[in-house]
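The structure appears below as structure tokens.
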Amino acid sequence: MDVRDWVEEACKALVDYPEDVVVTLVEGSQNHIIEVTCRPSDFGKMVGFRWGHFKGMRDVLTGVGGRQGKRYLLEGIEPESEPRVFKREHRK
């Protein structure tokens with residue numbers, strides 16, 4: 001299992017709609033950027049409170065990258081949320 005697959009499996013385990021998780025790997029000479037997107041309703045669950053889940057995954061990626069001589073950067077791309085409609089209730 002490579003790093004991209006591991007990140008994808010970890011993120012899918014955290015959300016309600018795992019089929020909407022998209023992980024892309026942009027490879028450079030030493031820096032590799034892993035971008036993760038999901039549904040707007042699942043974004044908070046995926047990144048965790050104060051980005052806790054992502055911080056943990058970044059720690060693991062730092063260790064893996066150190067052994068491979070690479071640097072992995074994990075980015076959560078926040079999806080555009082659905083437009084909210086606020087209705088004003090009339091008071092009598």
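When the chain is treated as a GNM, springs tying every alpha-carbon pair under 10 Å, which of V36, V26, V47 comes out with the largest mean-square fluctuation?
The residue that fluctuates most here is V26.
Where in segment 3-33 is the amide nitrogen less than 13 Å from a point lying 7 Å along the Cα-to-Cβ axis of R71?
Answer for this model: 28-33.
Candidates [x] 0.97; [y] 1.15; [z] 1.00; which is the computed Rg/Rh (Cα atoms, Kirkwood Rh)?
From the options [x] 0.97; [y] 1.15; [z] 1.00, the structure gives [y].
On average, how much accessible surface per residue is there in the chain, in Å², for a 1.4 Å probe, leaving out ligands, DNA and RNA?
Working: 7020 Å² over 92 residues.
For the chain, the solvent-accessible area averages 76 Å² per residue.
Heavy atoms only, probe 1.4 Å: what % of the accessible area of the chain goes to carbon and sulfur, would you let me know? Each step should come with its number before you reach the end.
Numbers: 3400 of 7020 Å².
Carbon plus sulfur share of accessible area: 48 percent.
If each residue of separation counts as 0.36 nm, what is the full-extension length gain between D59 and E78 once their alpha-carbon separation is subtracted?
Values: separation 19, 0.36 × 19 = 6.84 nm, distance 2.07 nm.
Extending this stretch completely gives an extra 4.8 nm.
The values are calculated or read from the model by the stated rules, or taken from the named source; none is laboratory data. Computed from a predicted model, the values in this text were never measured in an experiment. Cβ: placed from backbone, ideal geometry, glycine included. Neighbour counts: every protein chain shown. To get the accessible areas, we keep the full protein, side chains included, count just its heavy atoms, and leave off ligands, DNA and RNA. Shrake-Rupley method; radii C 1.70, N 1.55, O 1.52, S 1.80 Å.
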